[in-house]
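Shown next, in structure tokens, is the structure this report addresses.
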Amino acid sequence: MFTGIVTAIGTIREVKGGGDIRAVIACPFDPAQIAIGASIACSGTCLTVVERGGSAGDAWFAVDISGETVSRTVPGRWTEGSALNLEPALRLGDELGGHIVTGHVDGVGEVVGVCPEGDSRKVGIAAPKALAPYLAPKGSITVDGVSLTVNEVADQSDGTCHFSLNIIPHTAEVTTLGSLVPGSKVNLEIDVLARYLQRMQSLRG
């Protein structure tokens with residue numbers, strides 16, 4: 001379980017394998033605080049630590065990524081040099097600063113526009129048809145592992161939808177979202193509460 005509050009940006013240092021792959025991710029964590037078997041959200045994808053090493057502030061950890069995960073996340077994300085938003089799993093007693101995030105990617109969105117809005121950036125994202133019913137103004141959405149608030153939703157004639165959100169300067173600086181441009185692909189996870197509400201509504205129908 002996560003909150004969508006990113007604690008560091010990591011970089012994929014090495015990738016091994018084909019369908020199922022093992023990725024080594026460099027990060028500024030203390031390896032002594034990374035347990036084998038621990039969960040770390042990597043740009044919204046919950047992965048399990050299988051190795052770790054390095055020193056405090058210059059650490060690395062390795063994760064195994066299944067072919068299923070590769071197929072359901074941003075194409076080309078799991079390659080050497082890719083930057084990842086990192087968040088260790090929530091611990092009992094930790095502050096729930098964002099919203100409840102499971103680390104299970106529901107779909108891939110595409111950035112359709114980025115424009116300045118005050119000191120922030122307004123970002124428009126196209127969401128696939130399957131996710132459209134779960135998006136609502138002022139609801140929560142996880143974008144590449146970052147907990148954000150949906151500003152507006154515009155339904156499209158093909159059943160998909162476009163939604164907008166604001167990236168404040170702090171978020172742009174401490175996550176990978178500051179580098180988003182039109183055409184960028186992002187991992188999306190819908191709000192777990194919206195998932196259950198939609199299921200309940202479908203059963204009533």
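The values are calculated or read from the model by the stated rules, or taken from the named source; none is laboratory data. Everything numeric in this text was worked out from a predicted model, so none of it was measured. Virtual Cβ from ideal backbone geometry, glycine too; neighbours counted across all protein chains shown. Only protein heavy atoms, including side chains, enter the accessible area calculation; ligands, DNA and RNA are left aside. Shrake-Rupley method; radii C 1.70, N 1.55, O 1.52, S 1.80 Å.
For the reader, a short list of remarks on this structure follows.
- Remark: the stretch 74-147 carries 49 Å² of accessible area per residue (probe radius 1.4 Å; ligands, DNA and RNA excluded).
- Segment Gln156..Ala126, full-extension length gain: 9.9 nm, with 0.36 nm per residue of separation and the alpha-carbon distance subtracted.
- Cβ-Cβ FRET estimate between Leu197 and Thr48, R0 fixed at 30 Å, reported to 0.05: 0.50
- A simple rule links phi to the HN-Hα coupling: the Karplus curve 6.51 cos²θ - 1.76 cosθ + 1.60 with θ = phi - 60°, which for the stretch 26-35 gives 7, 7, x, 6, 9, x, 5, 9, 9, 8 Hz, with x for Gly and Pro.
- Theoretical gain in end-to-end length, Val112 to Met1 [0.36 nm per residue, Cα-Cα removed]: 37.0 nm
- Sorted largest first, extent of the chain alpha carbons per principal axis (Å): 50, 43, 39
- The slack between Thr11 and Asp119, meaning 0.36 nm per residue of separation minus the straight C-alpha distance, is 36.2 nm.
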